[in-house]
1. Among DSSP bridges having both ends in the chain, what percentage is antiparallel? Round to the nearest 5.
2. What's the exposure ranking of 108, 22, 133, 102, going from fewest to most Cβ atoms within 10 Å?
3. Just want the ordering: 75, 119, from fewest to most Cβ atoms lying within 10 Å of their own Cβ.
4. Taking the Cβ of each residue in 65, 136 as the centre, tally the other Cβ atoms inside 10 Å and list the residues starting with the fewest.
5. First measure r as the distance between the Cβ atoms of residue 158 and residue 23, then evaluate 1/(1 + (r/R0)^6) with R0 = 22 Å and state the FRET efficiency to the nearest 0.05.
6. Name the most mobile residue of 80, 99, 11, meaning the one with the largest mean-square fluctuation, in a Gaussian network model of the chain with Cα contacts below 10 Å.
7. I'd like the FRET efficiency for residue 112 and residue 133, computed as 1/(1 + (r/R0)^6) with the beta carbon distance as r and R0 of 41 Å, rounded to 0.05.
8. Of (1) 15.0; (2) 9.6; (3) 8.7, which one was derived for mean projected area of the Cα convex hull in nm² from the structure shown?
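No value in this document is a laboratory result; all are computed from the given coordinates. If you're wondering where the values come from, they're calculated on a predicted model, not measured in any experiment. Please note: Cβ atoms are built from the backbone with ideal geometry, for glycine as well, and neighbour counts cover all protein chains shown.
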């Protein structure tokens, strides 16, 4: 979880491989209306995120029923979003990839072929609620090398 540009997709995919789990790219589960809205530079509302979060939660649950672990890339910027996902599986652990606005802005501006413009990064920081101490979450510095982040996350998650 985290703002755009923190590395959710690359870290999530590599973490899933390290854990022998299925990777769920949350961006692919956005309805077309949400993608079009973001592409126009319009931030999503809480209401517009509900169906998207439900699609991610349902996918995680379906994989668990099949005995398969999952790693999902999902911004989950607010506690209410994380709580909605926990409604599907109470044992979800969040990996918060913490990053500063300047680095996130630069990374998003340098992406090719993604619907999310750099102009929306500030809106994500504006609503970001870092995980509270009572949430099952691990916070890692997203400016570290990807391999280091994946190694640390896999080590911690193997013990949870």
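1. In the chain, approximately 0 percent of DSSP beta bridges are antiparallel ones.
2. 133, 102, 22, 108
3. Fewest-to-most ranking of 75, 119: 119, 75.
4. Going from least to most buried by this count: 65, 136.
5. 0.80
6. Sorting by GNM fluctuation, first place goes to 80.
7. Here the calculated transfer efficiency is 0.60.
8. Given (1) 15.0; (2) 9.6; (3) 8.7, the calculated one carries the label (3).
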